[in-house]
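Below: the structure, in structure tokens.
The values are calculated or read from the model by the stated rules, or taken from the named source; none is laboratory data. Worth saying up front: this structure is predicted, and the values here are computed from it rather than measured. Every residue, glycine as well, gets a Cβ built from its backbone with ideal geometry; the counts of neighbours run over all protein chains shown.
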């Protein structure tokens, strides 16, 4: 009888734990939230994508044309995957590739102002994928961050606030589940990105030694600010290197608690602005800071479960 009671209590405790876990999981993903934050992220992401698309368009023949720096055949062999699709692969004339690049730019601008937002996000994402698949050797971390931001813009109601669409769709800006899912996708993706980036750094001896940042400071090809005076302050170099490494690895855990979140967002500003100002990668730094804005406070709806958002 005693063993039966123990088993029953254990079963009840396990059931309660599973129910509480599922309740928290469902609340995390499916609690309706106000689309204001997603609208701000849409404006900034669309603006960055428009800037990137303008650069592509500036020399679209060099990036995507038949006489581009990387021929379509070589790029296809480099990708070696059937899903590496690009609409530039079928662009047989300079006018066609120019038109496709112009469509990408117009879609990015439309996304930023929120005009036909979801359709614009889909077209902008297709243009983005086409560009990075056609010119993979010309894409960097900045382009990867844009990819992280674009899919949530399609899923969420990114045009519900601060947009042209919101002027004509009354009641469209109420808290909704799609917005929450979009924000969570950005947040989770950031945590994965930082964690594995930090783990990758652990494979380098210079990060364990605390000297990795000195390698960036001493590299005259990339630096935009001369910080070589740090050679006389090795402890500062050690502290900055190990501090950045700890921040990156622990980001996935400590960005969620309300107590540590402000500290980690402030650290993100120092890290990415520092990278941008000292290594000439300001576009990447700005893109990462925009992505980190997904962790800013947002208004979650607290309507009863029986209510319709």
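Overview of values
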{"quantity": "Residue that is surrounded by the fewest Cβ atoms within 10 Å (Cβ to Cβ), among those in region 111-152 that are without any contact (Cβ under 8 Å) to a residue 60 or more places away in the chain and more than 19 Å from the chain's Cα centre (by Cα)", "calculated": "119"}
{"quantity": "Scope region 30-50; condition surrounded by fewer than 20 Cβ atoms within 10 Å (Cβ to Cβ) and either farther than 21 Å from residue 99 by Cα or out of contact with any helix residue (DSSP H, G or I) (no Cβ under 8 Å at 6 or more places or on another chain) (or both); matching residues", "calculated": "30, 31, 34, 36, 40, 43, 44"}
{"quantity": "Unique residue being in contact with a helix residue (DSSP H, G or I) (Cβ under 7 Å, 6 or more places away or on another chain), in the same structural domain as residue 267 (by TED's automatic domain parsing) and not in a helix (DSSP H, G or I) when the list is 194, 222", "calculated": "222"}
{"quantity": "Residue check for residue 286: in contact (Cβ under 8 Å) with a residue 60 or more places away in the chain, closer than 19 Å to residue 34 by Cβ, outside the structural domain of residue 48 (by TED's automatic domain parsing) and in a helix (DSSP H, G or I)", "calculated": "no"}
{"quantity": "Test: residue in region 70-80 that is loosely packed, with under 13 Cβ neighbours inside 10 Å and in a loop (DSSP other than H, G, I, E, B)", "calculated": "yes"}
{"quantity": "Qualifying residue in region 35-47 (condition: within 20 Å of the chain's Cα centre (by Cα) and assigned to a loop (DSSP other than H, G, I, E, B))", "calculated": "yes"}
{"quantity": "Residue in region 166-191 that is farthest from residue 236 (Cα to Cα), counting only those that are touching a strand residue (DSSP E or B) at 6+ places or on another chain (Cβ under 6 Å) and assigned to a helix (DSSP H, G or I)", "calculated": "179"}
{"quantity": "Residue selected from region 262-309 under the condition under 21 Å from residue 41 (Cα atoms) and at pLDDT below 90, by the criterion farthest from the chain's Cα centre (by Cα)", "calculated": "301"}
{"quantity": "Residues within region 202-219 that are surrounded by 12 or more Cβ atoms within 10 Å (Cβ to Cβ), over 27 Å from the mean Cα position of the chain (by Cα) and in a helix (DSSP H, G or I), tallied", "calculated": "4"}
